[in-house]
Amino acid sequence: MMEIVLLCLLAYLLGSIPSSVWLGRVVYGKDIREHGSKNAGATNTFRVFGKQLGVIVLILDIGKGVLAMVLANHYIPSLPSNHLSHDLMSILAAISCILGHIFPVFVGFKGGKGVATSLGILLGMNPWPTLVCLGIFILVFLFSKFVSLASMSAALSLPIVCYGVFNQNQLLNLGFNLTIASLVIIAHRKNIIRLLKKEEPRMNFGNQKL
């Protein structure tokens, strides 16, 4: 049990690295959570600090998810065979990393929405369905210009694509995909309200910055 707790703790701490907050403070002397949508994610970084820093934050946030899976894949084989299944261990590490991004311990538990980090995790765990969902994200974004709508569409499509297209019908994986989709939807609850009120800002990847 201690090994399981340690793996989840390491994944959580990795997810908690607040790249947008720290880089915003270092480069511009500003806290991203006090500007724009006040969200510590890549999308708000694009809006507030511009596309160069936005791209860096996006890559770093995706990288956290990838590294969490590398950590899990390196750590799990060293555990005794009577522990929980490797798949379940990977899922626990993945969810811990996502929760770290949403509730980062290093900056008062006020983080991002977990989309980019989830992308990195899913690319490491299940790349082909993830690429299909990424394509759905791109299509929805190109037609709507709403990152929030594209993110939720991709998240909701994840369990459908895995089950219906790739025939991944294992109960454990289905539960994990539904958990990812639920976390993304819950994190976007304010965006849903703004979308319904037609107050959600469209994304412009220009060089707008403070």
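Since every read-out is calculated from the coordinates, none of them should be taken as a lab result. The model shown is predicted, which means the values in this text are computed figures rather than measured ones. A quick note on method: Cβ atoms are made from the backbone with ideal geometry, for glycine too, and the neighbour counts reach across all protein chains shown.
Over the stretch 126-203, what relative contact order in percent results from Cα pairs under 8 Å that are six or more residues apart? Please report the intermediate quantities before stating the final value.
Details: 64 pairs, mean separation 25.1, N = 78.
Once normalised by length, the contact order is 32 percent.
Place +1 on the Cβ of every Lys and Arg and -1 on the Cβ of every Asp and Glu in the chain, take the dipole about the Cα centre, and give the residue among SER118, ILE136, ILE192 whose Cα lies farthest towards its positive end.
ILE192
Treat the count of other C-beta atoms within 10 Å as a stand-in for reagent exposure and order VAL5, VAL66, VAL48 from fewest to most.
On the way: VAL5 11, VAL66 18, VAL48 24.
Fewest to most other Cβ atoms nearby, the residues stand as VAL5, VAL66, VAL48.
Using the beta-carbon distance between VAL27 and PHE106 and R0 = 22 Å, what value does 1/(1 + (r/R0)^6) give for FRET efficiency, to the nearest 0.05?
Numbers: r = 18 Å, r/R0 = 0.80.
Step by step, r from the Cβ atoms, then E = 0.80.
So if we plug the beta-carbon distance of GLU34 and LEU196 into 1/(1 + (r/R0)^6) with R0 = 30 Å, what FRET efficiency do we get, rounded to 0.05?
On the way: r = 26 Å, r/R0 = 0.87.
Step by step, r from the Cβ atoms, then E = 0.70.
Rg to Rh ratio, the chain, alpha-carbon atoms and Kirkwood radius? Walk me through the numbers before you get to the answer.
Working: Rg = 17.1 Å, Rh = 17.5 Å.
Rounded to two decimals, Rg over Rh is 0.98.
List GLU200, GLU3 from most exposed to least, where exposure is judged by having the fewest other Cβ atoms within 10 Å. Kindly include the intermediate steps, with their values, before the conclusion.
Working: GLU200 21, GLU3 14.
Ranking GLU200, GLU3 by Cβ neighbours within 10 Å, fewest first, gives GLU3, GLU200.
Relative contact order of the stretch 39-181: what whole-number percent is it, with Cα pairs under 8 angstrom and at least 6 residues apart?
Values: 158 pairs, mean separation 30.8, N = 143.
It rounds to 22 percent for the stretch 39-181.
Could you give each residue of the stretch 102-116 its phi-based ³J(HN,Hα) in whole Hz, using Karplus coefficients 6.51, -1.76, 1.60 with θ = phi - 60°, and x for Gly or Pro?
With the stated coefficients, the stretch 102-116 comes to 6, 10, x, 5, 6, 9, x, 6, 10, x, x, 9, x, 6, 5 Hz.
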